[in-house]
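Visitor: Here it is, the structure in full.
The values are calculated or read from the model by the stated rules, or taken from the named source; none is laboratory data. As the structure is a computational prediction, the values presented were derived from the model and not from experiment. All Cβ positions, even for glycine, are placed from backbone atoms using ideal geometry, and neighbour counts span all protein chains on display. Remember, those area values only see protein heavy atoms, side chains included, never the ligands or the DNA or RNA. Shrake-Rupley method; radii C 1.70, N 1.55, O 1.52, S 1.80 Å.
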Amino acid sequence: MQWRLGGHQEAAPAAAAAAATFGIMVSEREDFSLSGPLHLTIVDWNNAHHRRSVAASLVQGVRILERDRQVNRRGSQALAPPWWEFFHFQLHRQLVDDVDSSIFGAIYELKPPESHYDNSVDECPCYVIAFRGTITKPGSVQRDLELDMSIIRNRLHETSRFETAIQAVRNVVATVGESNVWLAGHSLGAATALLAGKTMAKTGIFLQAFLFNSPFISAPIERIKDKRVKHGLRIASSVITAGLAFTTKKKSSQNSRSVDPFATLSAWIPFLFVNPGDPFCAEYIGYFEHRKKMDDIGIGAIERLATKNSLGSLLMTAMGRESEPLHLIPSANLIVNLTPCQDFREAHGIYQWWRPDLHMKSKLYKYR
């Protein structure tokens, strides 16, 4: 089904003009009329590019909501609404961090005109729960960086922000059903969406998820240019990780016949959007490609053990602290942006994911 859009695009220039009148500096990246996917005058929900662009725009909407709060842009000055209204979404609820009162997420409800409604479209969500990335501005930077550190330490699940996020996800799913809900996030927000998706998948609820530049905590092996050196380092890392994992499990009291939680998660297949120029997420490329190469050379069993463990989490477990590596997932639709980027900011930014001229490589990886 295709929907004609664009009814709200006048709001963004008006907001920018009002902001200028009041002497507020407005980044053009925050202005939908300057940076949004205006080329999507029609959205086809069966089109992967369109779904990706809408999901990324809704994530950007959360970021601008928080920026509106930080610089006190209200009413006609607010720049956030066009980022969802353009696609016929309404803001159902803001998700607020209890530590610093920053807006870190939003629940959007799709409210198309009646003439556009068609409940036979499987790819169309009723609700999208989106989470923003880190904002390095006063009002949110300290809390966001604390949460970035919790990702590195595999402790995001212990934070109050994640508790707020997962409770919101559970409530929406309980109300409207899993098939009607999308998760979306960028960077720190992608980690939040990933953890929420994994948490729900463990209970048999598989939500469609759009994860943009999700952090992968690892040594930057992917940046090594020599393929033989890179492959050799990955094999060595896999052997060491698998060996330590085997030893740790052997010492534990776990029953060897118990259900493998990693295998249980394999039915959940999020969309994982990665740019090789972004060191925060680029390791996902090697993580999935290496698994196949290990199978090809006949040592896939080692990789199947290594791929669900990290050295950091194993060391934490050995010290008596349970630690599940957030970034390790069994299956994914990996979408790599091969379009050249000028710098890290562009490679990590959310804006790239609604560009109409993307050169991408997409591959499904399924754990077995």
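Visitor: Using a Förster distance of 30 angstrom, determine the FRET efficiency expected from the C-beta separation of Val141 and Gln342, and round it to 0.05.
Guide: Values: r = 24 Å, r/R0 = 0.81.
Between Val141 and Gln342 the formula returns 0.75.
Visitor: When a/c is below 1.5 the answer is rounded, else prolate if a/b is larger than b/c, else oblate, so apply that to the stretch 53-134 with a ≥ b ≥ c taken from the square roots of the Cα gyration tensor eigenvalues.
Guide: On the way: a/c = 2.52, a/b = 1.78, b/c = 1.42.
It comes out prolate by the Cα gyration axes.
Visitor: Still on this structure, I have one more. Considering the stretch 66-191, what Rg and Dmax in Å follow from its alpha-carbon atoms?
Guide: When restricted to Cα atoms, the stretch 66-191 yields Rg and Dmax of 15.7, 49 Å.
Visitor: Next question. Length gain on complete extension for the stretch Glu114 to Lys361, per 0.36 nm per residue less the alpha carbon to alpha carbon distance? Walk me through the numbers before you get to the answer.
Guide: Details: separation 247, 0.36 × 247 = 88.92 nm, distance 3.66 nm.
Residue separation times 0.36 nm, minus the Cα-Cα distance, leaves 85.3 nm.
Visitor: Here are some pairs, Lys202/Lys363; Lys111/Lys366; Lys137/Lys361; Lys137/Lys363; which of them have Cα atoms lying more than 32 Å apart in this structure? Provide the component values of the computation, followed by the final result.
Guide: Working: Lys202/Lys363 24 Å; Lys111/Lys366 34 Å; Lys137/Lys361 34 Å; Lys137/Lys363 36 Å.
Violating the 32 Å limit, Cα to Cα: Lys111/Lys366; Lys137/Lys361; Lys137/Lys363.
Visitor: With r as the distance between the Cβ atoms of Ser76 and Lys202 and R0 = 56 Å, compute the FRET efficiency 1/(1 + (r/R0)^6) and round to 0.05.
Guide: Details: r = 45 Å, r/R0 = 0.80.
The pair Lys202/Ser76 has a calculated efficiency of 0.80.
Visitor: Moving to a separate point now. Probe radius 1.4 Å, ligands and nucleic acids left out: which of Thr41, Thr134, Thr175 has the largest accessible area, and how do the rest follow? Provide the component values of the computation, followed by the final result.
Guide: On the way: Thr41 70, Thr134 35, Thr175 115 Å².
Of Thr41, Thr134, Thr175, the descending order of accessible area is Thr175, Thr41, Thr134.
Visitor: Grab the Cα-Cα distance for His39 and Val96, subtract it from 0.36 nm times how many residues apart they are, and report the gain in nm with one decimal.
Guide: Numbers: separation 57, 0.36 × 57 = 20.52 nm, distance 3.17 nm.
Net length gain for the segment: 17.3 nm.
Visitor: Less than 9 Å Cβ to Cβ from His186, Lys/Arg counted +1 and Asp/Glu -1: what total charge do the surrounding residues give?
Guide: Values: positive: Arg63, Arg132; negative: none.
Result for the neighbourhood of His186: +2.
Visitor: How high is the relative contact order of the stretch 76-165? Use alpha-carbon pairs under 8 Å, at least six apart in sequence, and give a whole percent.
Guide: Values: 93 pairs, mean separation 22.4, N = 90.
Relative contact order, the stretch 76-165: 25 percent.
Visitor: OK, next. Report the local net charge at Ile335: Lys and Arg +1, Asp and Glu -1, summed over other residues whose C-beta lies under 10 Å from its C-beta.
Guide: Once all neighbours under 10 Å are counted, the net charge is +3.
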